[in-house]
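Here the structure is laid out as structure tokens; the discussion comes afterwards.
Derivation of every value follows stated rules applied to the coordinates shown; laboratory data play no part. The model shown is predicted, which means the values in this text are computed figures rather than measured ones. Every residue, glycine as well, gets a Cβ built from its backbone with ideal geometry; the counts of neighbours run over all protein chains shown.
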Amino acid sequence: MAQRKGLGKGLDALIPGGKSTSSTSAFVSSGGGVQQVAVELIQRNPRQPRVHFKEDDLLELAASIREHGVIQPLIVLPKADGSFTLIAGERRLQASQRAGLKTVPVITRQANNQELLELALIENVQRADLNAMEEAEAYRQLVEDFGLSHESVAKRVGKSRVAVTNTLRLLGLADVVKQALVDGKITEGHARALLMLSTQKAQASALQTVLNLSLSVRQAEELMRKLAGQKPIKAKKPFRSADVSDVEKRLQHSLGTKVALKHGKKGGTVTIYYYSGEELDALLDKLT
């Protein structure tokens, strides 16, 4: 799978062969640093940002695993009590459970709490598995719990600082708006438009209008500007040089009727208006 640029070492740094950090009896060595561990001993990553998993997708992956096995090993952190904390591979673990596997291939690595979050986040971002609110919550943890700047977070996940900041802003939405975003009833564009409103009550009310009228993102933005008391953005009038206007006036004076001139880099058009058969005859006389 092609990896996104800007993700640094990411998951690739975890997968190359290396010595296992545990020799618990739960393992059955299979060489190359990959070993088998009992599924029941693997605990969910407490820093896993992804909450929502589509059951149909998990069942489809489970069917593939029953047929071909787990192709890519899970990454786990060994614990003193003989169990393991999952670092990366949540979907593979859940699908393996549904497929009835007793053991799964793993690679053991050491990681602190920040790395548990970063690696789980990077894996999901690489696969575009997170919804916007899950991604925002993961960024929040990196910023608030571990003191990272928006710029540092952006470098770790291969996104721009502006993208990270905009995603974090979604945390200020009313709960009902967040749920609508998670459920796919609105897009991130709609959600950012609703952020123009200063209170969550106003956001919730405006959300209903957006849903009832099936507003596009552009229409939602215009509505939010009105509700927030902002002046609508006026479309810029096309630039017309003084020369074009002067030529139009000269033609109108000469022909005695309205004339519209559109001038471009490689020519243009002249539109001559007439309002009766007599005016058309008069124009033909002048022009021919």
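Of the trypsin sites (Lys or Arg not before Pro) found in region 44-107, those that fall in a DSSP loop while having at most 13 other beta-carbon atoms within 10 Å are Arg44, Lys54, Lys79, Lys102. Here's the picture: charge each Lys and Arg Cβ at +1 and each Asp and Glu Cβ at -1 in region 130-227, and of Leu130, Ala193, Val153 the one pushed furthest to the positive end of that dipole is Ala193. Extending 7 Å from the Cα toward the beta-carbon at both His263 and Asp183 defines two label points whose distance is 5.7 nm. With N as its number of residues, region 130-227 has a Cα radius of gyration that, divided by 2.2 N^0.38 Å, comes to 1.11.
Projecting the Cα atoms of Leu211, Leu142, Gln252 onto the dipole axis of region 131-271, where Lys and Arg carry +1 and Asp and Glu carry -1 at the beta carbon, places Gln252 farthest toward the positive end.
Considering only Cα-Cα distances, which of the following residue pairs are longer than 22 Å: Lys258/Lys286; Lys155/Lys178; Lys249/Lys286; Lys54/Lys159; Lys79/Lys102?
Violating the 22 Å limit, Cα to Cα: Lys155/Lys178; Lys54/Lys159.
Each listed q (0.16 Å⁻¹) maps to a log10 I(q)/I(0) for region 54-145, found by the Debye formula over equal Cα scatterers with no solvent: -0.74. Diagonalising the gyration tensor over the Cα atoms of region 144-185 and scaling each eigenvalue by 5 before taking the square root yields semi-axes of 24, 12, 8 Å, largest first.
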